[in-house]
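So the structure is just underneath, and the comments pick up after that.
Readers should treat all values here as calculations from the given coordinates under stated rules, not as data from a laboratory. All of these numbers come straight from a predicted model, not from anything done at the bench. For neighbour counting, all protein chains shown are included, and Cβ atoms are generated from backbone atoms with ideal geometry for every residue, glycine included.
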């Protein structure tokens, strides 16, 4: 599948900001089943993008812009070729010990209820079967609701209230899978939808868990499936904060208004999208 992506982030400041610093994890990397044929990042102000890698192997761009700035836009766009791998991730940067991905964070720390849920919902004779069963259980336990949570909502809140967005389902899966001893990491990226809806309010989130004798496998609890060729993988971390597409700070500006628009469409092979 050949997928075209445009991710536009626009800030408006109530009072012009004197300095803005941004950290971007908006650039996908190539691995088996994913080839980046074209990608670019454009910033509306005069700023130099410095590129580096973080410990998880994510491509990171940083920039600072001097004000006064009343608004700021960041646009990432390009085309990615994907192939079906049945969720198995091969050839991606994997330099950290897998034990790192057993660590919980404030966003993923499971409480007793999530741990009990994990034990009760991980049926199967093999580790892979356990994770597939857990993936389906998380999908059923949390109703998708874009108005229920924020980026700061922890897994325990989303689980107890029973609703959230893809980020929340990923955090619940992470806490549950790690409590069972499976190294697991958060994945941020994009999803091509087969229902013709190309305009989206944000990117997508799912999880990769390490399966002995198989490697890292992608699970999408928001849809109850493995990651497919419709998933474009961009950044990984222990939770959303480690893989957030845009983070930063500013001096001045008082309050800000943030607008995000994402367009994901298939240029070829669109039959593999997810509804």
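Structure data summary
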read-out	value
Label-point separation, residue 160 to residue 83 (7 Å along Cα→Cβ), nm	4.7 nm
Degrees between helix 166-179 axis and first principal axis of the chain (Cα, 0 to 90, nearest 10)	40 degrees
Ascending count of other beta-carbon atoms within 10 Å, so fewest first, for 106, 94	106, 94
Contact order relative to length of the chain, as percent, for alpha carbon pairs under 8 angstrom and 6 or more apart	30 percent
Contour excess over end-to-end distance, with Cα ends at residue 96 and residue 119 and 0.36 nm allotted per residue	5.6 nm
DSSP beta bridge pairing in the chain, given as percent antiparallel to the nearest 5	95 percent
Gyration tensor (alpha-carbon) shape descriptor, segment 190-275, a/c threshold 1.5	oblate
Average Cα contact separation per residue, segment 57-180, under 8 Å, 6 or more apart, as relative contact order %	27 percent
Rounded Å value of the spacing that divides the Cα centres of segment 208-241 and segment 52-115	12 Å
Contact order relative to length of segment 171-275, as percent, for alpha carbon pairs under 8 angstrom and 6 or more apart	36 percent
The chain: most fluctuating residue of 251, 240, 190 per GNM, C-alpha cutoff 10 Å	251
For a label point 7 Å along the Cα-to-beta-carbon line of residue 48, residues of segment 62-100 with backbone N under 19 Å	62-67
Crossing angle, helix 127-141 versus the chain [Cα axis fit, 0-90 degrees, rounded to tens]	60 degrees
Global form of segment 229-275, assessed from the alpha-carbon gyration tensor, a/c cut-off 1.5	oblate
Rounded, prolate or oblate (a/c below 1.5 giving rounded, otherwise prolate when a/b exceeds b/c) for segment 135-238 by Cα gyration tensor	oblate
Cα→Cβ-extended label distance, 7 Å offset, between residue 40 and residue 247, nm	2.8 nm
Residue order, fewest to most beta carbons within 10 Å, for 41, 114	41, 114
Label-point separation in nm, residue 255 to residue 140, each point 7 Å along Cα→Cβ	4.3 nm
